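The values are calculated or read from the model by the stated rules, or taken from the named source; none is laboratory data. From a predicted model like this one, the values you see are computed outputs, not experimental measurements. Note that we place each Cβ from the backbone using ideal geometry, even for glycine, and neighbour counts take in every protein chain shown. Protein only, heavy atoms only, side chains kept; ligands, DNA and RNA dropped before computing areas. Shrake-Rupley method; radii C 1.70, N 1.55, O 1.52, S 1.80 Å.
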Amino acid sequence: MHISEGILPLKWAVLWYLVAIPFLAKGIADIKKKLVANPAFKVLLGLMGAVVFIISCMPVPVLTAGTCSHPCGTGISAILLGPIMSVFISSIALLLQALFLAHGGLTTLGADIVSMGIVGSFTGYFTFKLLRKFNLSLFISGFTAGLLADWLTYATTSFELSSALAGSKPMLPLFLSLLAAFIPTQLPLGILEGFLTGGMLVFINKRRPDILESLGVIARNPNSTCL
């Protein structure tokens, strides 16, 4: 998610930063512990960071909303790394995009982290875990996780924009109009992200199921050898 630079009033920009900071602090602490226990984890962390950066780096402008549409990539990163670490790598991707690609901005970075990093990651993670508990397939669970992570990211962005910009007017009409503005682009993009998420999980499971086992994504096979 890339809300345009300066579109949020200062108090709202600060508020979203305050919401995001505890998640980032926890993410940094967890990553440090993980790297101490398993230095090779750095490779997967960097790979997932690149995945989120590339997937979320193809914006489709939504001029009526002051932002843009694009896939997010937080569904797959949350499933593989957990939601907290996914929030951190999403924040790095968003920061680099704001600094070097003019996608989003620094004043709106906190809001972007909340919508794409926090909401997207936790939605994708818990959706996947819930569906797997009901014994749904890896693809269906991944597809739904990627789809909902994407769509709820944009619902959150609509809330962030409408709450900040409604002023003295009722917030709900503005929220609904912003949500409607995203539908033509985000409806198909969310479905695409669902296919990407489910497809990536199936591909990894066919080629290297030990990776998913070691990350706790699928049950460990007692006959397999995990890294």
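Structure data summary
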quantity	calculated
Carbon and sulfur %, accessible surface of the range 2-58 computed with the full protein complex present, 1.4 Å	78 percent
The chain: most fluctuating residue of 148, 99, 178 per GNM, C-alpha cutoff 10 Å	99
Accessible area of the chain divided out per residue, in Å², using a probe of 1.4 angstrom	48 Å²
Carbon + sulfur, % of accessible area of the range 82-227 - ligands and nucleic acids excluded, 1.4 Å	72 percent
Total charge dipole magnitude, the range 84-212, about the Cα centre, Cβ charges on Lys, Arg, Asp, Glu only, Debye to nearest 20	400 debye
Listed residues 130, 111, 86: farthest to the positive end of the dipole of the chain (Cβ charges)	130
GNM result for the chain, Cα springs below 10 Å: residue of 149, 50, 20 fluctuating most strongly	50
Estimated 222 nm signal from helices in the chain, with DSSP H stretches of n ≥ 4 weighted -39500 (n - 2.57), rounded to 500	-23500 deg cm²/dmol
For residue 69, residues with placed amide H under 5 Å, excluding near neighbours	60, 62
Helix runs (DSSP H) in the chain reaching 27 Å along axis by Cα, Kyte-Doolittle at least 0.0	10-37, 138-165, 171-207
Selected from 77, 177, 115 as most flexible by GNM, with the chain as the system and alpha-carbon contacts under 10 Å	177
